[in-house]
Protein chains: 2
Amino acid sequence: MRIGIDAMGGDHAPVETVKGAVMALDAVAGTIVLFGFEDQIKAELKKYTYDQSRIEIVPTTEVVENEDKPVIAIKRKKDASMVVGLEQVRKGEIDAFISAGNTGALLAGGLLRVGRIRGVDRPALTTVFPTFKGMFILADVGANAECKARNLLEFGIMGSIYAKDVLSIDNPKVGLVNIGTEEGKGTPMISEAYQLLKESDLNFIGNVEARDIPEKQADVLVCDGFTGNVILKLTEGVAKSFMSEIKGIFMSNIISKLSAVIMKKNLKALKTKMDYTEYGGAPLLGVKAPIVKAHGSSNGKAFMNAIKYADKYVSNNIIEKISAQVLIDDEDEEQE
Amino acid sequence: MRIGIDAMGGDHAPVETVKGAVMALDAVAGTIVLFGFEDQIKAELKKYTYDQSRIEIVPTTEVVENEDKPVIAIKRKKDASMVVGLEQVRKGEIDAFISAGNTGALLAGGLLRVGRIRGVDRPALTTVFPTFKGMFILADVGANAECKARNLLEFGIMGSIYAKDVLSIDNPKVGLVNIGTEEGKGTPMISEAYQLLKESDLNFIGNVEARDIPEKQADVLVCDGFTGNVILKLTEGVAKSFMSEIKGIFMSNIISKLSAVIMKKNLKALKTKMDYTEYGGAPLLGVKAPIVKAHGSSNGKAFMNAIKYADKYVSNNIIEKISAQVLIDDEDEEQE
């Protein structure tokens, strides 16, 4: 197994990308391949003692910046760490590719350079979403701002396979984000998606209202990418504002400061439960090779976890399973 | 001024509706008109000492239930408290009507029985959204699951008028919910709405990402009703799950329980800041008479606040101002 990382991607690259790669050596077998500026990567690697035979560098001379226009960057920056990594995962020179860089560019690169699995209309950016009640998969979170009903069914199929085989959730429950619990709620597209999901072989539990998302009713929650992006970022924003208020309360006087010290462990646990770094980033499901988007602000631990999950993604043959499933489904839908 | 309340609407009706009506007598001038089962309302009113000349009862014999199909309920339950109330506000027998009952029915009733202001394509269900940084107006939160760009501009116009004249916000900042901050992000509809807002006379500040919603960057935030409903309910859900976790932490041992007692005031302040009951419900903007949806779980205080804001809604001539503004705007758009 060879897992590639865009060493130049993310807010703390290459410090944290390299750190994560070294940390991951204990968690996975095989080789980690770092794409990026050779000098910088080597300088970072010097900080650690590790099995040098298991980390390789593929030197590249360009970087896709967050400000770059996705499609243009992918087409023009041919020697960017992200672009070379995508090229290698396409050719099978590496088995999976992880980047915390420009999300749009990674999506565009996944579509343009790696390509869709036959039968998949729209690949989904899928994230593992933490709640106090446990995690679930949310798809799509931004690859497809506008969706057809058919896409939401595909997200459910792909998300279920990932939930089952990578996250070890048996018979994953699939929910549809909607503005009411009853059948027929929402836009015409959502109503149609409801019917498709209901008629599918998925373990469909019906509509899930946004209010109940933190209650984790489903293991896989599907929605269009606009809604998913709003859900992901709003949860992050509300959680952040709460943590900041709580911190303020604890810092308000001597006694509350003392309480904070006493409750430190519990407060930390609260934070950990909502910690996205635990679940290893957002797989782009529906492309022909395992590509994972890590959060821009990922630290070493987040990259290590992304590598761990990418390893499971590969070794459980998720791509082949998705491919087999969507083809069956495609034959069912031949009238389309 | 005569403000009507659906005494039978909401989870705690008529106990809390009547309580709110009595409480409101100190906050507003004029008469409160209660629509509902006469016996039950009278029994509740008996609990209080108040100026009897200022509360009237309009006896009705039916109730729109939460399970009722909105349009059917509005058409068939002609003597329901909600339907009679809507009829009276249409005729001008009352100046405003508040209900915490079936949201869909109130919307349908607003459209079918009261009707749109000339020039308004789609009325919006608008809520005052609390954050730790202050409140803002969110429109639409569920009246229009699917929207055209033009509708979002209207929500901005109507929301700005309400923000300025009812909530006393000078030159309200208008933001567009989007999945990126840059112009051109989102669906084609959202991009088009961006252009319309940018070219309008509104104080448009551009896109607001969901992550920044709790930071209250805008005074009026516009989006389609599907997205708005998700934002409203998800915030509620995340806040609830946080409060419950925090409570759990404080209850975990003797010392933390003691801390909770000491910090009670601050913790209560935390809750108050996020308290939707402070801002008096969700006005349906764009219909010909002031109609306000109160939260289903409203208590007396929430109803009192709803009455207070309905009073401002009427006395500041919001309907006339919306009407004047959309007509100007309509003339500008005559090519349509």
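Checking A:Asn151 against (1) crowded, with 24+ Cβ neighbours inside 10 Å; (2) touching a helix residue (DSSP H, G or I) at 6+ places or on another chain (Cβ under 9 Å); (3) polar (S, T, N, Q); (4) within 22 Å of A:Ile5 (Cβ to Cβ), which test does it fail?
With (1) crowded, with 24+ Cβ neighbours inside 10 Å; (2) touching a helix residue (DSSP H, G or I) at 6+ places or on another chain (Cβ under 9 Å); (3) polar (S, T, N, Q); (4) within 22 Å of A:Ile5 (Cβ to Cβ) applied to A:Asn151, the lone miss is (4).
Taking the range A:270-298 as the search range and keeping residues that are of a type in the set (Val, Ile, Thr) and touching a residue at least 12 places away in the same chain (Cβ under 8 Å), which one is farthest from A:Arg2 (Cα to Cα)? Before you say what the answer is, go through the steps one by one.
Pass one, the range A:270-298, residues of a type in the set (Val, Ile, Thr): A:272, A:277, A:287, A:291-292.
In the following step, the residues that additionally are touching a residue at least 12 places away in the same chain (Cβ under 8 Å) were identified as A:277, A:287, A:291-292.
Numbers: A:Thr277: 22, A:Val287: 18, A:Ile291: 13, A:Val292: 14 Å.
Checked the range A:270-298; the qualifying residue farthest from A:Arg2 (Cα to Cα) is A:Thr277.
Working carefully through the options A:Leu232, A:Leu221, A:Leu258, find the one that is surrounded by 20 or more Cβ atoms within 10 Å (Cβ to Cβ), more than 7 Å from every other protein chain (Cβ to nearest Cβ) and either out of contact with any strand residue (DSSP E or B) (no Cβ under 8 Å at 6 or more places or on another chain) or part of a helix (DSSP H, G or I) (or both).
On the way: A:Leu221 fails: either out of contact with any strand residue (DSSP E or B) (no Cβ under 8 Å at 6 or more places or on another chain) or part of a helix (DSSP H, G or I) (or both); A:Leu258 fails: surrounded by 20 or more Cβ atoms within 10 Å (Cβ to Cβ).
After applying the criteria, what remains is A:Leu232.
Taking the range A:85-113, which residues are assigned to a helix (DSSP H, G or I) and touching a Ser or Thr at 6+ places or on another chain (Cβ under 6 Å)? Even if it seems obvious, please write down each step before you answer.
At the first step, the residues of the range A:85-113 found to be assigned to a helix (DSSP H, G or I) are A:85-91, A:103-113.
The answer is A:Leu106, and nothing else.
Would you check if there is a residue in the range B:237-255 being at the interface with another protein chain (Cβ under 8 Å from one of its Cβ atoms) and part of a loop (DSSP other than H, G, I, E, B)?
The answer is yes; a qualifying residue exists.
Do you know which residues across the range A:164-192 are under 27 Å from A:Pro130 (Cβ atoms), outside any strand (DSSP E or B) and either free of Cβ contacts under 8 Å to residues at least 24 places away in the same chain or of a type in the set (A, V, I, L, M, F, W, C) (or both)? Break it down stepwise before answering.
Here is the first cut: in the range A:164-192, the residues under 27 Å from A:Pro130 (Cβ atoms) are A:164-181, A:185-186, A:190.
Applying the additional criterion that residues be outside any strand (DSSP E or B) yields A:164-172, A:179-181, A:185-186, A:190.
Listed by number, the residues that qualify are A:Lys164, A:Val166, A:Leu167, A:Ser168, A:Ile169, A:Asp170, A:Ile179, A:Lys185, A:Gly186, A:Ile190.
Within the range B:117-145, can you find the residues that are closer than 19 Å to B:Ala210 by Cα and not aliphatic (A, V, I, L, M)?
Selection gives B:Thr126, B:Thr127, B:Phe129, B:Pro130, B:Thr131, B:Phe132, B:Lys133, B:Gly134, B:Phe136, B:Asp140, B:Gly142.
Restricting to the range A:60-114, name every residue that is buried (at least 19 other Cβ atoms within 10 Å of the Cβ), farther than 25 Å from A:Ala302 by Cα and touching a strand residue (DSSP E or B) at 6+ places or on another chain (Cβ under 6 Å).
Passing the criteria: only A:Lys77.
Looking only at the range B:235-255, filter to residues that are surrounded by fewer than 16 Cβ atoms within 10 Å (Cβ to Cβ) and within 30 Å of the chain's Cα centre (by Cα); which one of those is farthest from B:Ala139 (Cα to Cα)?
Only one residue tops the list, namely B:Lys247.
Any idea which residue in the range B:193-218 is nearest to B:Lys164 (Cα to Cα), counting only those that are in a strand (DSSP E or B) and more than 13 Å from chain A (Cβ to nearest Cβ)?
The initial filter retains those residues of the range B:193-218 that are in a strand (DSSP E or B), namely B:203-209.
From what's left, more than 13 Å from chain A (Cβ to nearest Cβ): B:203-206.
Details: B:Asn203: 12, B:Phe204: 14, B:Ile205: 16, B:Gly206: 19 Å.
Looking at the filtered set, the residue picked out is B:Asn203.
Taking A:Leu267 as meeting all but one of (1) free of Cβ contacts under 8 Å to residues at least 40 places away in the same chain; (2) more than 10 Å from chain B (Cβ to nearest Cβ), write down the number of the exception.
(2) is the only condition that A:Leu267 fails.
Output the number of the condition that B:Thr227 fails; it satisfies all remaining conditions of (1) within 30 Å of B:Gly115 (Cβ to Cβ); (2) at the interface with chain A (Cβ under 9 Å from one of its Cβ atoms); (3) part of a loop (DSSP other than H, G, I, E, B).
Here B:Thr227 meets the rest and fails (3).
Which count do you get for residues in the range B:110-126 that are of a type outside the set (Lys, Arg) and without any contact (Cβ under 8 Å) to a residue 40 or more places away in the chain?
Filtering the range B:110-126 for residues of a type outside the set (Lys, Arg) gives B:110-112, B:114-115, B:117, B:119-121, B:123-126.
Still in the list and also without any contact (Cβ under 8 Å) to a residue 40 or more places away in the chain: B:121.
Number satisfying all stated conditions: 1.
Being polar (S, T, N, Q), modelled with pLDDT under 95 and closer than 20 Å to A:Gly281 by Cα, is that true of even one residue in the range A:132-148? Don't jump to the end; show me each part of the working.
Keep residues of the range A:132-148 that are polar (S, T, N, Q), which gives A:144.
Filter again for modelled with pLDDT under 95, leaving A:144.
Now restrict to residues that are closer than 20 Å to A:Gly281 by Cα: A:144.
Yes, some residue in the range A:132-148 is polar (S, T, N, Q), modelled with pLDDT under 95 and closer than 20 Å to A:Gly281 by Cα.
Out of all the residues in the range A:166-192, which are surrounded by 17 or more Cβ atoms within 10 Å (Cβ to Cβ), of a type outside the set (A, V, I, L, M, F, W, C) and more than 14 Å from chain B (Cβ to nearest Cβ)?
Those that are surrounded by 17 or more Cβ atoms within 10 Å (Cβ to Cβ), of a type outside the set (A, V, I, L, M, F, W, C) and more than 14 Å from chain B (Cβ to nearest Cβ): A:Pro172, A:Lys173.
Looking only at residues that are among the aliphatic types (A, V, I, L, M) and at pLDDT below 95 in the range B:285-305, which one is surrounded by the fewest Cβ atoms within 10 Å (Cβ to Cβ)?
In the first step, residues of the range B:285-305 are kept if they are among the aliphatic types (A, V, I, L, M); the result is B:285, B:287, B:289, B:291-292, B:294, B:302, B:304.
Filter once more, so that each one left must be at pLDDT below 95: B:294, B:302.
Details: B:Ala294: 30, B:Ala302: 25.
Ranking the qualifying residues of the range B:285-305, first place goes to B:Ala302.
Can you tell me which residues in the range A:261-312 are hydrophobic (A, V, I, L, M, F, W, C) and part of a strand (DSSP E or B)? Show your work before the answer.
Within the range A:261-312, the first condition is being hydrophobic (A, V, I, L, M, F, W, C), and the residues that meet it are A:261-263, A:267, A:269-270, A:274, A:282, A:284-285, A:287, A:289, A:291-292, A:294, A:302-304, A:306-307, A:310.
Result: A:Ala282, A:Leu284, A:Leu285, A:Val287, A:Ile291, A:Val292.
Could you check, for the range B:22-43, whether at least one of its residues is farther than 19 Å from B:Leu284 by Cβ and hydroxyl-bearing (Ser, Thr, Tyr)?
First, the residues of the range B:22-43 that are farther than 19 Å from B:Leu284 by Cβ: B:22-32, B:34, B:36-43.
Subsequent filtering for residues that are hydroxyl-bearing (Ser, Thr, Tyr) retains B:31.
Yes.
For residues that are acidic (Asp, Glu), under 20 Å from the mean Cα position of the chain (by Cα) and within 25 Å of B:Glu215 (Cβ to Cβ), tally how many sit in the range A:194-233. Step through it out loud before you land on a result.
Filtering the range A:194-233 for residues acidic (Asp, Glu) gives A:199, A:201, A:209, A:212, A:215, A:219, A:224.
This time we only want the ones that are under 20 Å from the mean Cα position of the chain (by Cα), so: A:219, A:224.
Remaining after also requiring within 25 Å of B:Glu215 (Cβ to Cβ): A:224.
Adding up the residues that qualify gives 1.
Quick one: is B:Glu320 surrounded by fewer than 17 Cβ atoms within 10 Å (Cβ to Cβ), at pLDDT below 90 and charged (D, E, K, R)?
Numbers: surrounded by fewer than 17 Cβ atoms within 10 Å (Cβ to Cβ): yes; at pLDDT below 90: no; charged (D, E, K, R): yes.
Here the answer is no, as B:Glu320 does not meet what is asked.
I'd like the residue in the range A:127-141 that is part of a strand (DSSP E or B) and of a type in the set (Phe, Trp, Tyr) and, out of all such residues, is nearest to the other protein chains (Cβ to nearest Cβ). Walk me through it before giving the result.
Taking the range A:127-141 and keeping what is part of a strand (DSSP E or B), we get A:127-131, A:134-139.
If we keep only those that are of a type in the set (Phe, Trp, Tyr) as well, we get A:129, A:136.
Details: A:Phe129: 12, A:Phe136: 13 Å.
Among residues in the range A:127-141 that are part of a strand (DSSP E or B) and of a type in the set (Phe, Trp, Tyr), the one nearest to the other protein chains (Cβ to nearest Cβ) is A:Phe129.
The values are calculated or read from the model by the stated rules, or taken from the named source; none is laboratory data. Model, not experiment: these values are computed from the prediction. For neighbour counting, all protein chains shown are included, and Cβ atoms are generated from backbone atoms with ideal geometry for every residue, glycine included.
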